[in-house]
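**Q** Here's a structure for you.
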Amino acid sequence: MSTPPFQRIGVVGSGAMGRGIAQLFVQSGIPVRLHDNNASALAAAFAGVEDVFAKLVEKGRMSADAAAAARARLVPADALAELADCDLVVEAIVERLDVKRELFVQLESIVSDAAVLASNTSSLSVTAIAAACRRPGRVAGYHFFNPVPLMKVVEVVEGIRTEASVVERLSALTRLTGHLPVVARDTPGFIVNHAGRGFGTEALKALGEGVADVPAIDRILREQVAFDGQGFRLGPFELMDLTGLDVSQPVMESIYRQFYDEPRFRPSVIAAQRLAAGLTGRKTGEGFYVHSDGRQQTPPDWPVPTVAVRPPVWIAPGPRTAALRDAVAALQGVVQDTARPTEHALVLVAPLGLDATAAAEGLPAARTVAVDTLFPVAPGQCRRRVLMSTPATRADYRDAAHALFATDGASVSMLRDSPGFVAQRVLAMIVSIGTEIAQQRIASPADIDTAVRIGLGYPLGPLAMGDALGPATVLEILENMHRLTGDPRYRPGAWLRRRAKLGLSLLHED
């Protein structure tokens, strides 16, 4: 084992994060002193770590001798003064700037001038925490993810005055534990919580516009989205119920305000109201879903309508016409090969970033249905297809489209009119925010993708996601949404626009 860059580590705070950090370090061979001003919480933390080690031994993932040695490295510190000989102290206490600053001032009076002080904050300014210190250069952010031993990425955050050697030593320590360090500049949300704004926030925006209900949006983002067969494990509302709105809503509001009301991060009144009502998610039994006996109660999907006679299909010309034509033919639809749709034809359009109304301009809106072709729609290539009607679309044509695209047993979601369907707008915002993080040089493109993929469990990082969709495609979605809505949240940034125009990867550095 490599020589640790720190010989003894102090951890302040024995909650889920503090005990997880302590466990990780003692398993890596480094002595730890764990402190909490609540004696019962400290005792519970030690019992919890012992239980984890016992289970690891039981499962054969750790030897009894290794578990005993790791447990012996973990020592309780009943007072902060007992951390005096630690050369690194990691703070994992309540997420309040005033409390953290007060703690760091106390620690400076206890530890040596050479000791490093690190905060596990997920959303507060490391620079602001360090500003209270006599030696701000030794202060850094050291953001782990829960559960600490299993989430293999750590954000090493450099405040404005953080010394380079501190970042290097914390990165080396992270690698020694088997985790991956990603270095970020001190900005609201760092990398992961910053990049995560697109998923839930844009889903809430779609919900607020009445595009679809909660289960439909979740199903689309779990089942339509697929990058090499991998999608999102949970929909955004399922994820908010798991995390708890009492956790996620304050983060949404905090990052929005810290970026001086940047429209890309604008929260939703829907989440604020549900939090005020105490509908925080699984922990209370009700959030966006009802949870009974620990199980989410999800209403059934829309049934496939019965259609006696299917109309012929006319597909509007465009770059995605051929793929849509092949899919319709494979689903046994009769495709018209005429310059204009005949009187009774079902008209299909395949917009990117536009709503069905805009895409139907010059066409019979009463018979027009939009199809999301961001992902393949051919039989055998998709689990779910997503359709969208105009406000004028007749029910019989909407049902005919639904029945056609469910012919092979794939699920179908029918949306009300919306710019960008659901998947297009959510994925475009994820990519857009990721490219802005790269443009601001908060972290390297590679570190952005690694941190987000591991920290949020996305199938790809935001930049690789944009490359898979095609930078020009993402740019078109955002430009059309921006033009149609006038909302600056959809304005494309320079990193995306330049690489799309030049045919470069979004991971390309300059």
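**Q** So which helices (runs of 4 or more DSSP H) stay within region 456-508 end to end and still have 1 or more residues that are open to solvent by 10 Å² or more (accessible area, probe 1.4 Å) and over 20 Å from PHE421 (Cβ atoms)?
**A** 462-469, 494-502
**Q** Please state which of the following conditions SER123 fails to meet, knowing it meets all the rest: (1) in a helix (DSSP H, G or I); (2) closer than 23 Å to VAL154 by Cβ.
**A** The number of the failed condition is (1).
**Q** Still on this structure, please answer the following. Which residues, taken from region 129-167, are of a type outside the set (Ser, Thr, Tyr), in contact (Cβ under 8 Å) with a residue 40 or more places away in the chain and either surrounded by fewer than 22 Cβ atoms within 10 Å (Cβ to Cβ) or touching a strand residue (DSSP E or B) at 6+ places or on another chain (Cβ under 7 Å) (or both)?
**A** Selection gives GLY141, HIS143, PHE144, PHE145, ASN146, PRO147, PRO149, MET151, LYS152, VAL153, GLU155, VAL166.
**Q** Can you name the residue in region 294-341 that is open to solvent by 60 Å² or more (accessible area, probe 1.4 Å) and polar (S, T, N, Q) and, of all such residues, is nearest to ALA356 (Cα to Cα)?
**A** Of everything passing the filter in region 294-341, THR338 is nearest to ALA356 (Cα to Cα).
**Q** Identify, please: which residue in region 378-415 is open to solvent by 10 Å² or more (accessible area, probe 1.4 Å) and of a type in the set (A, V, I, L, M, F, W, C) and is, among those, nearest to GLY353 (Cα to Cα)?
**A** Here the residue is MET414.
**Q** Is at least one residue of region 346-355 free of Cβ contacts under 8 Å to residues at least 24 places away in the same chain, over 30 Å from GLY486 (Cα atoms) and not in a loop (DSSP other than H, G, I, E, B)?
**A** The answer is no; no qualifying residue exists.
**Q** It is to be established whether one or more residues within region 70-82 are open to solvent by less than 10 Å² (accessible area, probe 1.4 Å), touching a residue at least 40 places away in the same chain (Cβ under 8 Å), among the hydrophobic types (A, V, I, L, M, F, W, C) and in contact with a Lys or Arg (Cβ under 6 Å, 6 or more places away or on another chain).
**A** yes
**Q** Could you give every pair whose Cβ atoms fall below 6 Å, whose first residue belongs to region 385-404 and is in contact (Cβ under 8 Å) with a residue 40 or more places away in the chain, and whose second residue is of a type in the set (D, E, K, R), counting only separations of at least 6 or pairs across chains?
**A** From region 385-404, the pairs are VAL386/ASP372; TYR397/ARG367; ALA400/ARG310.
**Q** Would you be able to say whether some residue in region 198-206 is open to solvent by 10 Å² or more (accessible area, probe 1.4 Å), charged (D, E, K, R) and more than 16 Å from the chain's Cα centre (by Cα)?
**A** no
**Q** A further question follows. Could you count how many residues in region 406-448 are outside any loop (DSSP other than H, G, I, E, B), closer than 18 Å to THR373 by Cα and over 15 Å from the mean Cα position of the chain (by Cα)?
**A** 6
**Q** Quick check on my filter: what residues within region 367-383 are more than 14 Å from ILE315 (Cβ to Cβ) and among the polar types (S, T, N, Q)?
**A** GLN381
**Q** For region 228-252, name all the residues that are free of Cβ contacts under 8 Å to residues at least 40 places away in the same chain, in contact with a Leu (Cβ under 8 Å, 6 or more places away or on another chain) and closer than 9 Å to GLY281 by Cβ.
**A** Selection gives ASP246 alone.
**Q** Would you mind telling me which numbered condition in (1) under 21 Å from VAL94 (Cα atoms); (2) surrounded by fewer than 16 Cβ atoms within 10 Å (Cβ to Cβ) ASP51 fails?
**A** Going through the list (1) under 21 Å from VAL94 (Cα atoms); (2) surrounded by fewer than 16 Cβ atoms within 10 Å (Cβ to Cβ), ASP51 breaks only (1).
**Q** Which pairs turn up if I take residues in region 447-470 that are of a type in the set (S, T, N, Q) and look for partners that are crowded, with 24+ Cβ neighbours inside 10 Å with beta carbon separation below 6 Å, at least 6 apart in sequence or on another chain?
**A** Going by the 6 Å Cβ cut-off, the qualifying pairs are THR450/VAL182.
**Q** Name the residues in region 388-434 that are at positive phi and in contact with a helix residue (DSSP H, G or I) (Cβ under 9 Å, 6 or more places away or on another chain), would you?
**A** Listed by number, the residues that qualify are GLY420, PHE421.
**Q** Could I ask something else about it? Got at least one residue in region 237-244 being crowded, with 21+ Cβ neighbours inside 10 Å, in contact with a Ser or Thr (Cβ under 6 Å, 6 or more places away or on another chain), under 26 Å from PHE145 (Cα atoms) and not charged (D, E, K, R)?
**A** yes
**Q** Would you mind telling me which numbered condition in (1) among the aliphatic types (A, V, I, L, M); (2) part of a helix (DSSP H, G or I); (3) within 27 Å of the chain's Cα centre (by Cα) ALA184 fails?
**A** Condition not satisfied by ALA184: (2).
**Q** Which condition number in (1) at pLDDT below 95; (2) in contact with a strand residue (DSSP E or B) (Cβ under 6 Å, 6 or more places away or on another chain) is the one that ASP510 fails?
**A** For ASP510, the failing item is (2).
**Q** Looking at region 213-223, which of its residues are open to solvent by less than 10 Å² (accessible area, probe 1.4 Å) and over 14 Å from the mean Cα position of the chain (by Cα)?
**A** The answer is ILE217, ILE220.
**Q** Let me ask something else. For region 376-395, which positions are of a type outside the set (Val, Ile, Thr) and in contact with a Lys or Arg (Cβ under 6 Å, 6 or more places away or on another chain)?
**A** SER389
**Q** Also: Looking only at region 342-377, which residues are of a type in the set (Asp, Glu) and either over 20 Å from PRO311 (Cα atoms) or open to solvent by less than 10 Å² (accessible area, probe 1.4 Å) (or both)?
**A** Answer for region 342-377, where residues must be of a type in the set (Asp, Glu) and either over 20 Å from PRO311 (Cα atoms) or open to solvent by less than 10 Å² (accessible area, probe 1.4 Å) (or both): ASP355, GLU361, ASP372.
**Q** Looking at region 7-23, which of its residues are surrounded by fewer than 21 Cβ atoms within 10 Å (Cβ to Cβ) and closer than 18 Å to ALA72 by Cα?
**A** GLN7, ARG8
The values are calculated or read from the model by the stated rules, or taken from the named source; none is laboratory data. If you're wondering where the values come from, they're calculated on a predicted model, not measured in any experiment. Heads up, the Cβs are rebuilt from the backbone with ideal geometry, glycines too, and the neighbour counts pull from every protein chain shown. For accessibility, only protein heavy atoms count, side chains too; no ligands or nucleic acids. Shrake-Rupley method; radii C 1.70, N 1.55, O 1.52, S 1.80 Å.
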